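J.: After the structure tokens below, expect a handful of questions from me.
Since every read-out is calculated from the coordinates, none of them should be taken as a lab result. Computed from a prediction, not measured in an experiment: that's the story for all the values here. Here Cβ is always computed from backbone atoms with ideal geometry, including for glycine, and neighbour counts include all displayed protein chains.
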Amino acid sequence: MSYEQGIYKNAGNSAPVGPTGSKKDKDIPPVRWTFVLSWTLAQLGLWAAVMTPASVGLALRIADIDPINKDSHYALVSGVGALFAVVSNYAFGYLSDRTTSRFGMRRPYMLAGAIGTMVGSALMGMGHTIPVVFAGWIVVQICANAALTTFLSVLTDRIPPQQRGITSGFAGMCRTSGIILGTLTIKLLPDSPVQIFLIPAGVFLFFAVIFIFTFGDKVLSKDEASKVSKISVIEMASIFKVAREKIQYDSSFGWVLLSIFLIQCTISVSQMYLVYFASDYLHILRKDLPSVVFIGAMILNLASCATAPVAGYIADKLGARRKTFCCAPILMAAGIATMISIPSLHGYYIGLFLIAVGFGVFEGLFVAIATTTTRGSTSIGSDLGLINMAMTLPSVALTAASAGLIASGIGMNYVILFGGAGALSLLSLLFIRKIRSHKIGHPSEQHDASLSYEPKAELK
């Protein structure tokens, strides 16, 4: 039996095990809607637990603890937390590819990630000092990203290509739906910081447990693990070296990483500074801020949530994922320009709507496009870890940039910050056109001799 095929086990239900030999993507059987539903709900909870503090909760918590130094504290906490998320994405994807636990390859990290996220959320909600909130956010970033990488690995492990477009759309919908759930919690409980953080984390833990104990995870045997490189701390720590080698082997994987990074810059700015843009650039009073941010967050997330599965469906029907994907940076740049040029609530809401539609197109397609360029079955977790790194690194870069603006005495210059992020998203158009799907195994990976490979094909 090959590594790709694995042995599927779950409570009360076992998937069939095929003959020895590698299993091509087209041979993966379709999954039931109940599988997609439970997978989607688990990710909905995950994103609610992560994005509630990332988009609104963390900024408000820091502002309540130290309103005078809120900008510098927020830049430090969110930036360092994002750095931990970058490392966690790849590290846990790398480890899950080589895990021989009898409970499965991905399942242990999902469960540990959900429990750890609950612990970190409790620290953020109960902490009354910046260091405690800081520690809680780091725990959440490490644990949630460990779970995220392994949840996304299931997309390639268990879902056939013909279902990945719409399933990717549901995955994209989860992030924005999670923010809606989080902002609704903040709206209903504005003076209850403990509940603001613990309720989304509790939802994540609940749905994660349901999925973990009902889906068939791969169990990697010792013999199958011998086909993959052994766990190496040096190799795992050499994240950028590994990324360079993968990009050298297939440039399309590099173009995917770069385009995702650039587009994510616009998304990160919109989410990270949703609160401070309204308070400092539009001069919204603190007493009115929760309501304004709630409306803005609802526009941002409802529109993107509705757009994501539609974009995935349309791209699958037209057979033009790349061309549809190009709409994302154009719409987001238009939204950024609107927010900057019309400094009023009307401009704020219209700009967020345009960003949201572009965000939905991005969320609906980036996983589907990314999985067509991953190099082979034995590195799915680590490849998706690198892709998640490209999603997370903008947070590190942008917080560093904002900290630089503060240190220089300019303050929070939103024209530079937002305008620069919008320009970067437009720059991604130059690289999206270079992406090609990749369906050939890496030469260093061992495969059955009878396995045939399909040539590279252009993503239309």
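J.: Give me, ordered by chain and number, the residues 5 or more places off LYS218 or on other chains with an amide H under 5 Å from its own placed amide H.
T.: Placed amide hydrogens put MET105, ARG106 under 5 Å from LYS218.
J.: Per 0.36 nm of contour for each residue apart, how much would the distance between SER72 and SER251 grow if the chain were fully extended, relative to their Cα-Cα spacing?
T.: 60.7 nm
J.: Report, by chain and number, residues whose modeled amide H sits under 5 Å from the one on ILE284, excluding near sequence neighbours (fewer than 5 apart, same chain).
T.: Those qualifying (amide H under 5 Å, at least 5 residues apart or on another chain) are SER279.
J.: Express in nm, to one decimal, how much length is gained between LEU282 and ARG244 on full extension, taking 0.36 nm for each residue of separation and deducting their alpha carbon distance.
T.: Fully extending the segment from LEU282 to ARG244 adds 9.4 nm.
J.: Right, something else. Exposure proxy check: PHE277, PHE207 ranked by fewest other beta carbons within 10 Å?
T.: PHE207, PHE277
J.: What is segment 113-175's relative contact order, in percent, from Cα pairs under 8 angstrom and six or more apart in sequence?
T.: Over segment 113-175, the number comes to 31 percent.
J.: Efficiency by 1/(1 + (r/R0)^6): what FRET value for THR100 and ILE210, r their Cβ-Cβ distance, R0 = 25 Å, to the nearest 0.05?
T.: 0.50
J.: While we're looking at this one, here's another question. Looking at this model, which pairs from LYS246/LYS323; LYS187/LYS218; LYS218/LYS434 are more than 30 angstrom apart at the alpha-carbon?
T.: Going by Cα-Cα distance, LYS187/LYS218; LYS218/LYS434 fall outside the 30 Å limit.
J.: Just the ratio, please: alpha-carbon radius of gyration of segment 261-326 over 2.2 N^0.38 Å, N its number of residues.
T.: This ratio for segment 261-326 stands at 1.46.
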